[in-house]
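J.: Have a look at this one.
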Amino acid sequence: MREQRNQLREDSIAFAISVAEVCEQIKGNGVFVNQLLRASSSIGANLHEAKYAQSRLDFISKMEIALKDSSETEYWLELIYRRGKLTEEQYKRLRNLCGSIRRRLIASITTVKGEKGSKG
């Protein structure tokens, strides 16, 4: 499980870098672009914080915040795409990467919540 969490964290970093690279090419829409950058990088930041959680409940909380950030990232991606600032290829690639991270977060949260005998 720990190896999967480390891979998820690494994938979230790679995703945030990919988003940043795309955002550097977008002209205008600074508020939307800043929100996308913030939300996409916050996924990995919360996964990093979860690594040093003070308790099982704190760990779950950080993971759930990362999950919320992935959902928010998908919103900003769609908004920027609908504004015509992303190509369909860019949008689909980033949306799919974000969706993969989101699904793995859900699986991790579900697993941790289901663990018996874990201390909170």
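J.: Touching a helix residue (DSSP H, G or I) at 6+ places or on another chain (Cβ under 8 Å), of a type in the set (S, T, N, Q) and at pLDDT 95 or above - does that describe any residue in region 74-96?
T.: yes
J.: Also, quick follow-up: Residue under question is LEU57, and the condition is that it be surrounded by 16 or more Cβ atoms within 10 Å (Cβ to Cβ), part of a helix (DSSP H, G or I), modelled with pLDDT of 95 or more and of a type in the set (A, V, I, L, M, F, W, C); does it hold?
T.: The answer is no for LEU57.
J.: In the set GLY44, GLY28, GLY99, which member is without any contact (Cβ under 8 Å) to a residue 60 or more places away in the chain and assigned to a loop (DSSP other than H, G, I, E, B)?
T.: Working: GLY44 fails: assigned to a loop (DSSP other than H, G, I, E, B); GLY99 fails: assigned to a loop (DSSP other than H, G, I, E, B).
Exactly one of GLY44, GLY28, GLY99 is without any contact (Cβ under 8 Å) to a residue 60 or more places away in the chain and assigned to a loop (DSSP other than H, G, I, E, B), namely GLY28.
J.: I need the full set of residues from region 1-25 which are hydrophobic (A, V, I, L, M, F, W, C) and either surrounded by fewer than 16 Cβ atoms within 10 Å (Cβ to Cβ) or in contact (Cβ under 8 Å) with a residue 24 or more places away in the chain (or both), in order please.
T.: Residues satisfying the conditions are MET1, LEU8, ILE13, ALA14, PHE15, ALA16, ILE17, VAL19, ALA20, VAL22.
J.: Has region 72-88 got at least one residue that is of a type outside the set (D, E, K, R), touching a residue at least 24 places away in the same chain (Cβ under 8 Å) and closer than 25 Å to LYS113 by Cα?
T.: yes
J.: Can you pull out every residue in region 60-70 that is among the polar types (S, T, N, Q) and either surrounded by 18 or more Cβ atoms within 10 Å (Cβ to Cβ) or closer than 18 Å to ASN34 by Cβ (or both)?
T.: Scanning region 60-70 gives a single hit, SER70.
J.: In this structure, is ARG56 over 14 Å from the mean Cα position of the chain (by Cα) and of a type in the set (Lys, Arg)?
T.: Against the criterion (over 14 Å from the mean Cα position of the chain (by Cα) and of a type in the set (Lys, Arg)), ARG56 qualifies.
J.: Being of a type in the set (A, V, I, L, M), within 18 Å of ASN46 (Cβ to Cβ) and more than 9 Å from the chain's Cα centre (by Cα) is true for just one of ILE101, ILE106. Which residue is that? I'd like the intermediate steps shown before the answer.
T.: Numbers: ILE101 fails: more than 9 Å from the chain's Cα centre (by Cα).
Step by step, each of ILE101, ILE106 is checked, and only ILE106 is of a type in the set (A, V, I, L, M), within 18 Å of ASN46 (Cβ to Cβ) and more than 9 Å from the chain's Cα centre (by Cα).
J.: Tally the residues that are in contact (Cβ under 8 Å) with a residue 24 or more places away in the chain and in contact with a Leu (Cβ under 8 Å, 6 or more places away or on another chain), restricting the search to region 47-63.
T.: 2
The values are calculated or read from the model by the stated rules, or taken from the named source; none is laboratory data. What you see is a predicted model; the values in this text were computed from it and never measured. Cβ: placed from backbone, ideal geometry, glycine included. Neighbour counts: every protein chain shown.
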